[in-house]
Ligand SMILES: Nc1ncnc2c1ncn2[C@@H]1O[C@H](COP(=O)(O)OP(=O)(O)O)[C@@H](O)[C@H]1O
Ligand SMILES: [Mg+2]
């Protein structure tokens, strides 16, 4: 659906997007994850032909945008990060305009339909100048849905919504995906991406650090598992014999709590428990802490960059 | 980028300074070969000349014009912005023939011909004619004879008058001595004073009589061997009128010294209420303004500049006196009036007024007086009219139709009110749009 | 569907929306009223002329007031065209349009036609009002009035193209309007100064003044080919001279000017981009 090759954008000396290779499959929800200023919006703008790439190639629906400009644009729905509306129009007029623009059939019915999906149907005759930020965001969503696009590109779709609105948008995303639509969602809010996306691409400082499906990615990032053991009767011997095991990477004792880091290849809790008992220790509780995407994100973007990029590219 | 523009500007300034310096040099007198030009202007003959600095001459098509190759002293007179020639002190004819070329090919070579101007209505009035060759000589001779005859008549008159006075004094003497009475018929009549000839013919001179169809030409003066004399090559544009028509001079009864003029159908005559006016109609021709002004004032380099696309009407001669003016309303002729003489009579009294009355040559009231003007009198009430001129056989003269409209003096507040209508409409629209936001507020609070 | 059909649809839809937005705003109504009020002053002076003189010959006494109204409308048009693209970019709505099936060609043409149709509407209102005035005053009107109205719409095209070019050139609506004002003042100043200098007789002039006059005159002549109002004035002058050749050449020149400027505007829009 979307494929880029060596996509690069420089603003003067700043490289906003750096040699980006992303790949979005038909029918999937792709999360484009990165902190503010990572280059997400710039990437989206290049996809849409609204920023000229400094280098690289883009394919949408398997084609060059320039080749099939109007057809491709018509099959895409874009929700921008911030909503810019014609404030002197009513919601109905606004959507009517875009319905004509995209040559939507049965515009009146369609407008009512999308407005009710974003819960704005009863305010369709109000001027947009009086809309709240969240309402504007939802109206933007309605505009995206209006022409039934095959590819939805949503730039930070939940950024100015209340929890209820976030929920609504999430539902819409799921519904659209169920209809077979492809979604490309950029966000810096991980929890949302985690809930909806099949695959994510992680971008930082313009570079794609990883692109994979979620479970893989988590594994990749968390190449160690942290097991926290509450212990009674700790001795140095426990730590040293644990350290002798191949799968144990580190052992730290603090506040009657033993933190053991192991490799991710298996569940080693039983073995650890056995070693502790053999040295006279008593295990009061044992928790295996799996890494959340949130943490993975932080790890990826801040700490284990070099490690991950190597592995990411290798896989 | 900016510095390039600056550099260009500086360069332009330098060039201009030099050019201006050259221009501002004091006027110099210079002997040069010029063309003296006597162009036919459709009404009369004009006079201008083409000095060295002017390389194109303008003449009317299919009419006799005279040009003459002369050497004289020329200078530029900056105060009036024109070239001047010192004809009185230096005027030498440059011998040769005039070669006329078109598209680089010679089309004719003209020899000098003798000519003069004949003014049938006198030098200061009406039109003039150009007479060539023998005709010119003949007319000049006639004129001289006429003048001769006039002087003869004058001396005869003086003699007759002396005789008359003699007779009268004898009669007076006889009456006082004898008391004899004479009836008027028995008294001797005083001799009639002869009038000088009104018409005039100038001395015969010679020049090249140029009569060409419309076109662009080149002229030059060539010597016996056919070589062009230096400084005599000039372009010549021969042009013609664009249209002919009838122009009107309209004399308002209320301000008879301030006539207004309407040259073509676009020039509508507006009046207020009911008006009386006197119309004079002229045959007129329309010329390109640039070409016409160049033709008549070639020695003024600025004449006609910037008017290459403008046209001007030139009144040529008044329509014949049998012409009538018809007034139409809604396509129907409602009135027809003819030329009559009128006399402007001062009304004695406190207000310095006047009265325009019809001139009756038979009436004693006008004895020894002449009419102030001849015109067609129209009295029109409020409304929209058309007028046109018809000749004695009832044919409408081409280009003589004009509109006359009386304006309604609309109170200005009506016009201002009309102007404000869009604003009112706008306010209504905007208020109605605003209501949509108002509904929002209500529905939110509800 | 072909590229052209997509563009035609975009032009049609966007121009219609913008026209509606203009009709729903107060600006155009204020301008119409202002134009009428100013032109009424000239109607008034013509009326006064007739009443004071009793008789007066005039050529189409309503044409000049109409020309004044047209000029005021055209100036407003220059302003709105200048703001059109830059303001939409400022407001971000331009970006939203470009998510959809539109390119700079279609967008610039949409703005162009929108402005032109707005002006046409304004001229129709002018014509109605002037027709009423002609009946009220009995000044009458003739074919040249209609010709002037038609031509003014054509010539307005060059003013719109000029405004659009400025608009695509500038990042914000404010800078583009300032640029427009600066240019208009420059055009006007050159015209006025050269008019004053040319009306002075050469004999009172120093050498420096003479060369200043030549320079200003040349500058002014050049500017009259850059300024869109130069095209409007030449066209109206052509009508009042009644010269078909001049009218045709002024239409041709302003069409050429319009096309060149529109093409430039499209290129600038492409280069500047549609984002804030
Ligand atoms: N038009 C521009 N000119 C210069 N720098 C820009 C421009 N647009 C974006 N940038 C810079 O590029 C980087 C990426 O921006 P952006 O794509 O908006 O990030 P994101 O959407 O991921 O928050 C930022 O540092 C931003 O300041
Ligand atoms: Mg962004």
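Listed values, structure above:
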| item | result |
| --- | --- |
| Any hit, the stretch B:429-436, residues being within 14 Å of chain C (Cβ to nearest Cβ), surrounded by 12 or more Cβ atoms within 10 Å (Cβ to Cβ) and modelled with pLDDT of 90 or more | yes |
| Within the stretch B:18-41, tally of residues that are surrounded by 15 or more Cβ atoms within 10 Å (Cβ to Cβ) and modelled with pLDDT under 90 | 2 |
| All positions within the stretch B:379-432 that are touching a residue at least 60 places away in the same chain (Cβ under 8 Å) and in a loop (DSSP other than H, G, I, E, B) | B:381, B:382, B:391, B:392, B:397, B:398, B:399, B:400, B:401, B:409 |
| Any hit, the stretch A:53-68, residues being within 14 Å of chain C (Cβ to nearest Cβ), within 13 Å of ligand 1 (Cβ to nearest atom), surrounded by fewer than 15 Cβ atoms within 10 Å (Cβ to Cβ) and free of Cβ contacts under 8 Å to residues at least 40 places away in the same chain | no |
| Subset of the stretch A:136-147 (residues that are within 14 Å of chain B (Cβ to nearest Cβ) and crowded, with 22+ Cβ neighbours inside 10 Å) | A:139 |
| Among residues of the stretch A:17-32, those that are within 16 Å of ligand 1 (Cβ to nearest atom) and either under 18 Å from residue A:80 (Cα atoms) or crowded, with 23+ Cβ neighbours inside 10 Å (or both), counted | 5 |
| Which numbered condition residue A:78 misses (of (1) farther than 23 Å from residue A:179 by Cα; (2) facing another protein chain (nearest Cβ under 10 Å); (3) within 16 Å of ligand 2 (Cβ to nearest atom)) | (1) |
| Test for residue A:63: is it closer than 24 Å to residue A:187 by Cα and either within 16 Å of ligand 2 (Cβ to nearest atom) or modelled with pLDDT under 95 (or both) | no |
| Strands (runs of 3 or more DSSP E) wholly inside the stretch A:154-222 containing at least 3 residues that are within 14 Å of chain C (Cβ to nearest Cβ), away from ligand 2 (no atom under 16 Å from the Cβ) and farther than 30 Å from residue A:264 by Cβ | none |
| Test for residue A:107: is it modelled with pLDDT under 90, surrounded by fewer than 22 Cβ atoms within 10 Å (Cβ to Cβ) and more than 9 Å from chain C (Cβ to nearest Cβ) | no |
| Some residue of the stretch A:179-197 being without any contact (Cβ under 8 Å) to a residue 12 or more places away in the chain and surrounded by fewer than 20 Cβ atoms within 10 Å (Cβ to Cβ) | yes |
| One residue from A:161, A:245 being under 23 Å from residue A:35 (Cβ atoms) and more than 16 Å from ligand 1 (Cβ to nearest atom) | A:161 |
| Count of the stretch A:91-104 residues which are within 11 Å of chain C (Cβ to nearest Cβ) and part of a helix (DSSP H, G or I) | 8 |
| Flag if residue C:30 is crowded, with 18+ Cβ neighbours inside 10 Å, at pLDDT 90 or above and over 23 Å from residue C:238 (Cα atoms) | no |
| Selected residue [out of contact with any strand residue (DSSP E or B) (no Cβ under 9 Å at 6 or more places or on another chain) and either surrounded by fewer than 12 Cβ atoms within 10 Å (Cβ to Cβ) or part of a strand (DSSP E or B) (or both)] from B:106, B:177, B:165 | B:177 |
| Filter result (within 11 Å of ligand 1 (Cβ to nearest atom), part of a loop (DSSP other than H, G, I, E, B) and in contact with a strand residue (DSSP E or B) (Cβ under 8 Å, 6 or more places away or on another chain)) within the stretch A:33-51 | A:34, A:35, A:38, A:39, A:51 |
| Some residue of the stretch A:110-124 being more than 13 Å from ligand 1 (Cβ to nearest atom), away from chain C (no Cβ under 11 Å), in contact with a strand residue (DSSP E or B) (Cβ under 8 Å, 6 or more places away or on another chain) and farther than 23 Å from residue A:158 by Cα | no |
| Residue among C:181, C:255, C:219, C:188 that alone is in contact (Cβ under 8 Å) with a residue 12 or more places away in the chain and more than 10 Å from chain B (Cβ to nearest Cβ) | C:255 |
| Count of the stretch A:105-123 residues which are outside any helix (DSSP H, G or I) and over 12 Å from residue A:148 (Cβ atoms) | 3 |
| Condition check for residue A:85: away from ligand 1 (no atom under 16 Å from the Cβ), in a loop (DSSP other than H, G, I, E, B) and within 8 Å of another protein chain (Cβ to nearest Cβ) | yes |
| Residue count for the stretch A:234-267, restricted to those that are outside any strand (DSSP E or B) and either within 28 Å of residue A:216 (Cβ to Cβ) or at pLDDT 85 or above (or both) | 18 |
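The values are calculated or read from the model by the stated rules, or taken from the named source; none is laboratory data. Predicted, not measured: the structure shown is a model, and the values here were computed from it. Cβ sites come from the backbone with ideal geometry, for glycine too, and all protein chains shown count toward neighbours.
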